[in-house]
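The values are calculated or read from the model by the stated rules, or taken from the named source; none is laboratory data. On a predicted model such as this, the values are computed, not experimentally measured, just so you know. Cβ placement follows ideal geometry from the backbone for every residue including glycine, while neighbour counts extend to all protein chains displayed.
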Amino acid sequence: MSLAAAAFDDVRALVCGEAGIVLENGKEYLVESRLGPVAKRHGFASIDALVAGLRRADPALRRSVVEALTTNETTFFRDVEPFEALRQHVIPRLIEARRDRRTLRIWYGASSTGQEPYSLVMLLLDQFPELAGWDVTHFATDINLDVLARARTGRYNQIEMNRGLPAKYLVRYFEKVGLEWQVKSEVRDRVRFEPLNLIKPWPALATFDIVMLRNVMIYFDVDAKRQILARLHRHLQPDGYLFLGGAETTMGLHDAFQRLPYERAGCYGLAGTAASARPKGVA
């Protein structure tokens, strides 16, 4: 199914307005490959016909188009360095700071199919037994309702299991279900998955000790990035930590954040706070 230039412009405007995603010229092939199945599923003879159907303002159809064009690439323990920074520096520091109130709140702002939150839950269970008895919140959100539904099941195929998951965690925290593997309930039940569109008004949220917002803002325009960082500033504890993707930065977008010297971890604290002070043992 080919795509007319006017239809491409309409799709670009829709996904930018609804999800903050920027589709640059040359991405027509991406739109064609992703919307072809959507057109067939909804009974349209072509992608152009599908785009024309969007003008009827059918919310379900608009959602299907936007979700088809979101990127849901994720793996267990993706990129390694952020999880090492969490294990070696961030979690120990927060445990010491929160010892009296015994709470820890973590938000995964673009959780996709769930590998990131499940990775951190497994890390905490395996490496930090002192958190037993603490009130630890794992709040995971995504714009895509289909991937959220899949994340809640915690079921993954063998290819997904082979991407980044240490063998010891496979043995301890997963069970075989048919041809798939499922995260055991002791891990799965600790994560709450909810829909949230980062560029639309946010619901009432708590403040968080850690915000994982990795590899999502790279798809947004500058205004959306600034808006999100301004909101995050209000929802991050003064000594909290923000993790972005390796190709993402707060520089030139919001001056309240300061990058921390954890190599390739994409970790930020609020400037002038305890979190942004140079950690012990980090050159």
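Sort out for me the strands (runs of 3 or more DSSP E) sitting completely within the stretch 185-283 that have 3 or more residues that are within 15 Å of the chain's Cα centre (by Cα) and modelled with pLDDT of 95 or more.
The strands (runs of 3 or more DSSP E) meeting that bar are 191-195, 208-213, 236-244.
If a residue must be buried (at least 17 other Cβ atoms within 10 Å of the Cβ) and free of Cβ contacts under 8 Å to residues at least 60 places away in the same chain, how many such residues does the stretch 81-92 contain?
2
I'm trying to understand the selection: among the residues of the stretch 59-80, which are among the acidic types (Asp, Glu) and surrounded by fewer than 17 Cβ atoms within 10 Å (Cβ to Cβ)?
First pass over the stretch 59-80, keeping only residues among the acidic types (Asp, Glu): 67, 73, 79.
Hit for the stretch 59-80 is 73, nothing else.
Out of everything in the stretch 60-101 that is within 21 Å of residue 235 (Cβ to Cβ) and in a loop (DSSP other than H, G, I, E, B), what residue ends up being nearest to the chain's Cα centre (by Cα)?
98
Right, residue 135: at pLDDT below 95, closer than 30 Å to residue 203 by Cβ and assigned by TED's automatic domain parsing to the domain that holds residue 207 or not?
Judged against the criteria, residue 135 is not a match.
Taking the stretch 162-175, which residues are in a helix (DSSP H, G or I) and buried (at least 17 other Cβ atoms within 10 Å of the Cβ)?
Within the stretch 162-175, 169, 173 qualify.
Across the stretch 102-148, what is the total count of residues that are surrounded by fewer than 20 Cβ atoms within 10 Å (Cβ to Cβ), in a helix (DSSP H, G or I) and more than 18 Å from the chain's Cα centre (by Cα)?
6
Considering each of 118, 108 in turn, give the residue that is within 30 Å of residue 264 (Cβ to Cβ), in contact with a Pro (Cβ under 7 Å, 6 or more places away or on another chain) and modelled with pLDDT of 95 or more.
108
What is the number of the single condition among (1) touching a residue at least 24 places away in the same chain (Cβ under 8 Å); (2) among the aromatic types (Phe, Trp, Tyr); (3) closer than 25 Å to residue 72 by Cα that residue 262 does not meet?
All conditions are met except number (3).
How many residues are touching a strand residue (DSSP E or B) at 6+ places or on another chain (Cβ under 8 Å) and not in a helix (DSSP H, G or I) if we restrict to the stretch 6-59?
The number of residues fulfilling the criteria is 3.
Does any residue of the stretch 43-52 turn out to be closer than 25 Å to residue 196 by Cα and crowded, with 17+ Cβ neighbours inside 10 Å?
yes
Please work out if residue 95 is assigned by TED's automatic domain parsing to the domain that holds residue 267, closer than 30 Å to residue 21 by Cα, out of contact with any His (no Cβ under 6 Å at 6 or more places or on another chain) and surrounded by fewer than 17 Cβ atoms within 10 Å (Cβ to Cβ).
Working: assigned by TED's automatic domain parsing to the domain that holds residue 267: yes; closer than 30 Å to residue 21 by Cα: no; out of contact with any His (no Cβ under 6 Å at 6 or more places or on another chain): yes; surrounded by fewer than 17 Cβ atoms within 10 Å (Cβ to Cβ): yes.
Judged against the criteria, residue 95 is not a match.
Mind checking which residues of the stretch 56-80 are free of Cβ contacts under 8 Å to residues at least 12 places away in the same chain and of a type in the set (Lys, Arg)?
56
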